[in-house]
Amino acid sequence: MKVSVIGATGYAGAELLAILHRHRQVEVCHITSESHTGVKISDLYPHFRGIYDMTLESMKDSESIGKDSDAVFIALPHGHAMKVGKILQDTDAKIIDLGADYRFNDTSVYEKWYNVEHTHKDAKRVYGLAELYRDKIKDAKIIGNAGCFTTASILALAPLVKNHLVDINTIIIDAKSGVSGAGRGAKQANLLPELYDSFKAYNVAHHRHTPEIEQALSEIGGENITLNFTPHLVPMSRGILATCYANLKENVKPEDVDSAYQNLYGDEYFIRLLGRGGYPATKDVRGSNYCDIAWHIDERTNRVIALSAIDNLVKGAAGQAVQNFNIAFGIDEKEGLDVVPMYP
């Protein structure tokens, strides 16, 4: 199968190329970059030497790229994918957007949080969080790949919300991410002297992943959810750890919580349940598509604390995109993704 990557030179795009190289049923036929058109990808990412020596094209001819491809992955900043999506909607290619343009059911929510006019409001899209939206992804033309913080947070909380075990008005998410989540562009805050030996919160009460988490959990639980989400930046290159809090409803037992996680995720290959009392760690999922989940019950405060760890560039971006691709084309979900996490 022929696939193309629009925006191949960001961290997510490069991770996607690495995964696609392992995929036995695909051939990468086009890769694009507007800032590096005409340059070999291996000149920008030397670790691709002898693996990918393809020359980067411009996405200006997106329609031809779409006609050449069974699927097109779009790894562009928000506000750009919908322009490509409109061009590709009349081709046979399936579209998997790693950005935010196709994640929202209500485009007015997107416009409010991203401050960009949505120009493809009528697009028939499906939210791309594989374990929870698998049936819809199978027949989707456009898949809005779930975000990194959102993947970790939604997967941690979904069993509790789905089974109505918690007071939805008490949900708090405290999440930490490695700096690769901010992209490859030069930013002062991400320079080594600024970042090293430091730890900080950012975008408190205003992070754009908040409405995405609320949308998914509201659908899963069948009632509108408003929550607090606070992201933090930690001095490591990749990984996310989400710590999620909620008050248990009256008469909910620890065994009810255990059963909720087991029933929803017990058969999921890429979700590893560490059980009640476990401690997920970012190093244990580094470079992989796994999401490790554990939960604790604080009987003193009657709260449940759910923990999840993912690699933000894999399960939080490129790996999830390939998992969605596999689902959409009826391929084994593990294809290209069945690797042991890097350690140490």
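Read-outs: derived from the displayed coordinates by stated rules, not from any lab. It should be emphasised that the depicted structure is a prediction, and the values quoted were computed from it without experimental measurement. Note that each Cβ is placed from the backbone with ideal geometry, even for glycine, and that neighbours are counted across all protein chains shown.
Spin-label model, THR37 to THR170: label points 7 Å out along the Cα-to-beta-carbon direction sit 5.6 nm apart.
I'd like the orientation of helix 11-22 relative to the chain: the angle between its Cα long axis and the longest Cα principal axis, in ° from 0 to 90, rounded to 10. The angle comes out at about 80 degrees.
Can you give the helix-only mean residue ellipticity at 222 nm for the chain, where every DSSP H stretch with n ≥ 4 adds -39500 (n - 2.57) and the sum goes over all residues, rounded to the nearest 500 deg cm²/dmol? Please report the intermediate quantities before stating the final value.
Details: 11 runs with 100 residues, N = 344.
That calculation yields -8000 deg cm²/dmol at 222 nm.
Phi angles across segment 120-131 convert, under the Karplus curve 6.51 cos²θ - 1.76 cosθ + 1.60 with θ = phi - 60°, into 3J(HN,Hα) values of 9, 5, 8, 4, 8, 10, 10, 6, x, 10, 3, 5 Hz, Gly and Pro given as x. Restricting the calculation to Cα atoms, segment 238-344 yields a radius of gyration followed by a Dmax of 15.2, 48 Å.
Remark: the LYS112-GLU299 segment gains 63.4 nm on full extension, using 0.36 nm per residue and subtracting the alpha carbon distance. Annotation: the residues SER218, SER33, sorted from fewest to most other C-beta atoms within 10 Å of their own C-beta, follow the order SER218, SER33. Cβ crowding within 10 Å, taken as a proxy for footprinting-reagent exposure, orders PHE104, PHE199, PHE229 from fewest neighbours to most as PHE199, PHE104, PHE229.
Taking every DSSP bridge with both residues inside the chain, close to 45 percent are antiparallel. So what is log10(I(q)/I(0)) for the chain at q = 0.11, 0.14, 0.15, 0.16 1/Å, when the Debye sum runs over its Cα atoms only? Cα-only, vacuum Debye calculation for the chain: -0.69, -1.14, -1.30, -1.47. Extension gain for ASP267 to LEU192 (0.36 nm times residue separation, less C-alpha to C-alpha distance): 22.9 nm. As I understand it, the value is the acute angle between the Cα axis of helix 319-328 and the longest principal axis of the Cα atoms of the chain; what does it come to in degrees, rounded to 10? Helix 319-328 and the main axis of the chain meet at about 80 degrees. Between helix 148-162 and the chain there is an angle of about 40 degrees, using the helix long axis and the longest principal axis of the Cα atoms. For segment 2-123, a Kirkwood radius taken over Cα pairs fed into Stokes-Einstein (37 °C, viscosity 0.692 mPa s) yields D = 222 µm²/s. Set the Cα radius of gyration of segment 149-312 against 2.2 N^0.38 Å, with N its number of residues, and you get 1.04.
What ranking of LYS141, LYS67 emerges when the number of other C-beta atoms within 10 Å of each C-beta is taken as an exposure proxy, fewest first?
Fewest-to-most Cβ neighbours within 10 Å comes out as LYS67, LYS141.
Identify the residues of segment 231-245 with backbone N under 18 Å of a label point that sits 7 angstrom from the Cα of ALA201 along the Cα-to-Cβ direction, or state none. Residues 231-235, 241-245 qualify, since their backbone N sits under 18 Å from the label point. Using a cut-off of 18 Å between Cα atoms, the listed pairs LYS67/LYS138; LYS86/LYS121; LYS86/LYS141 include LYS67/LYS138 as exceeding that distance.
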